1. With a 10 Å radius around each residue's Cβ, average the other Cβ atoms per peptide and rank 13-24, 58-69, highest first.
2. For a quick protection proxy, order the peptides 1-7, 48-54 by their average other-Cβ count within 10 Å, most packed first.
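Values in this text are rule-based calculations from the coordinates and carry no lab data. A quick note: this is a predicted structure, and the numbers were derived from the prediction, not measured. Heads up, the Cβs are rebuilt from the backbone with ideal geometry, glycines too, and the neighbour counts pull from every protein chain shown.
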Amino acid sequence: MRRVRTAALESAQTSFVELKVPETRTVTLVPACNPSFLPQPTLERNGFIIGVNTDTPRELLVMALEAAAHVE
């Protein structure tokens with residue numbers, strides 16, 4: 001086994017592959033508490049609270065509810 005391993009290591013050619021650095025994206029964070037936002041109904045599940053009002057976009061509410069469904 002030692003001879004086979006030594007022969008395999010001697011015959012192996014080392015090669016390198018160039019990896020590209022992924023592009024970075026800027027994410028804007030929204031403050032957790034906005035004094036001008038007054039939630040009308042709220043939903044809580046295991047400490048995850050969703051507050052909405054009449055200005056809440058439907059898509060945002062759907063995403064929040066989907067995320068809340070995975071909270072354990």
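1. Details: 13-24: 4.9, 58-69: 11.2.
Ranked from most to least packed, the peptides come out as 58-69, 13-24.
2. Going by the mean number of other Cβ atoms within 10 Å, highest first, we get 48-54, 1-7.
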